Each structure stands twice: as C-alpha cells, then as structure tokens.
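The values are calculated or read from the model by the stated rules, or taken from the named source; none is laboratory data. Given the structure is predicted, the values throughout are model-derived calculations rather than measurements. Quick reminder, even Gly has a Cβ in these numbers, built from the backbone with ideal geometry, and neighbours come from all protein chains shown.
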Amino acid sequence: MKKYIGTKLIEAAPAYRCMDGKGKVVITPHPEEAFPNYPSVEEGYRVRYPDGYESWSPKETFEKVYLPLSRNRDLKTDKPSISAEMVEDFIRKVHTETAGEKTTIVRAVLKNGFEIVESSSCVSPENYDEAMGREICMEKIKDKVWMLLGFLLQTAANGVK
C-alpha cells in the first residue's frame, strides 16, 4: 500500500471505554456512574470528526497524534488559531553554545523531534553576551515554530487541495 500523511481538525473530550459485563462496550466521561462494578475500563478520548462521525481513541495513541489548540486571546475571533502558549509548549528542549568569541548557536528540539537551529553574533568580542544571543535566537526559533504550527493548522482546517 502507498503511504499518506493525514492532518485533520477534530473535536475531542476525555472519555472511558467500559465493558458492561455482558459484552457491551460503552463510551462515557464518567465510568463510575455508568458501571459501579465495571470489569474493564480504558482511558481515552471521544473523538468527533468534521463530518460528524464519532469514535473512541486510546489515550496514549490520541496524545501522540493530536496537538491541543488553545485560544489565542489576542484575536477577535474564536476561530482556530495558534497561540504563544502553543508555540512555547511545542519546544521540548533547547541547547545553547558559544562558537568562537562572539557567536551564540541555539538548537531547539520540538515535540515531534524536528530541530531548528539559529545563530546570533556581535561585531566585537568585548560586547558578547551569550544570554542576549540566546534571547535573539529564541525569538527567531519561536517565529519559525509559529509559522510551522500555522501551516499545520491551515492544512488540518482546509486539507491539502
């Protein structure tokens, strides 16, 4: 089979998949209310797709594949958008080093393993400050992450065609 990349905008809520003891599967936000003596409960998410289809996804699988959207309060709309919080949360690790006497190199590892590298340099070694160089690089990195997440959201909202 041919491989495909899939990106979609969905709605989801934490839920549990329970067996009622008679072989019937029930998806509920509160298993203790549905089945006080339930023999089998799995944590996951109730998922609703744009066409209205609903399903259930195991927690580990769901959280590996989907990125939660947070509302960007600086905007006038509730339409899907990228927020500064999402950008910050998408950066997993940051490594900083000095190259030579006046250059800072910053490598950011994102949640998905993608890496972004930026550098900053000053004219005079006497003015070099690694913390300032890191701050300059991090602004560039955050701008790139914002663009990449925007691209991802645009694709999820509108598809690729």
Quick test for you: out of 94, 117, 41, pick the one residue that is more than 30 Å from residue 150 (Cβ to Cβ) and either outside any helix (DSSP H, G or I) or not hydroxyl-bearing (Ser, Thr, Tyr) (or both). 41
I'm trying to understand the selection: among the residues of the range 99-135, which are surrounded by 14 or more Cβ atoms within 10 Å (Cβ to Cβ) and either out of contact with any strand residue (DSSP E or B) (no Cβ under 9 Å at 6 or more places or on another chain) or of a type in the set (Val, Ile, Thr) (or both)? 103, 104, 105, 106, 109, 116
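Does residue 142 count as charged (D, E, K, R), surrounded by 11 or more Cβ atoms within 10 Å (Cβ to Cβ) and at pLDDT 95 or above? Talk me through it step by step, then tell me what you get.
Values: charged (D, E, K, R): yes; surrounded by 11 or more Cβ atoms within 10 Å (Cβ to Cβ): yes; at pLDDT 95 or above: yes.
The answer is yes for residue 142.
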What residue, among those in the range 58-82 that are surrounded by 11 or more Cβ atoms within 10 Å (Cβ to Cβ), more than 24 Å from residue 44 (Cβ to Cβ) and polar (S, T, N, Q), is modelled with the highest pLDDT? 81
Could you go through the range 67-77 and let me know if any residue there is without any contact (Cβ under 8 Å) to a residue 12 or more places away in the chain, within 16 Å of residue 153 (Cα to Cα) and among the β-branched types (Val, Ile, Thr). yes
Which residues, taken from the range 120-161, are of a type in the set (D, E, K, R) and either outside any loop (DSSP other than H, G, I, E, B) or touching a residue at least 60 places away in the same chain (Cβ under 8 Å) (or both)? 126, 130, 134, 135, 139, 140, 142, 143, 144
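Right, residue 132: of a type in the set (A, V, I, L, M), outside the structural domain of residue 47 (by TED's automatic domain parsing) and more than 30 Å from residue 14 (Cα to Cα) or not?
Values: of a type in the set (A, V, I, L, M): yes; outside the structural domain of residue 47 (by TED's automatic domain parsing): yes; more than 30 Å from residue 14 (Cα to Cα): yes.
Yes, satisfied.
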Residue 16 fails exactly one of (1) surrounded by 15 or more Cβ atoms within 10 Å (Cβ to Cβ); (2) in contact with a Phe, Trp or Tyr (Cβ under 8 Å, 6 or more places away or on another chain); (3) at pLDDT 75 or above; (4) not small (Gly, Ala, Ser), namely (2)
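Return yes when residue 88 is over 27 Å from residue 5 (Cα atoms) and surrounded by fewer than 13 Cβ atoms within 10 Å (Cβ to Cβ) and no when it is not.
Numbers: over 27 Å from residue 5 (Cα atoms): no; surrounded by fewer than 13 Cβ atoms within 10 Å (Cβ to Cβ): yes.
Here the answer is no, as residue 88 does not meet what is asked.
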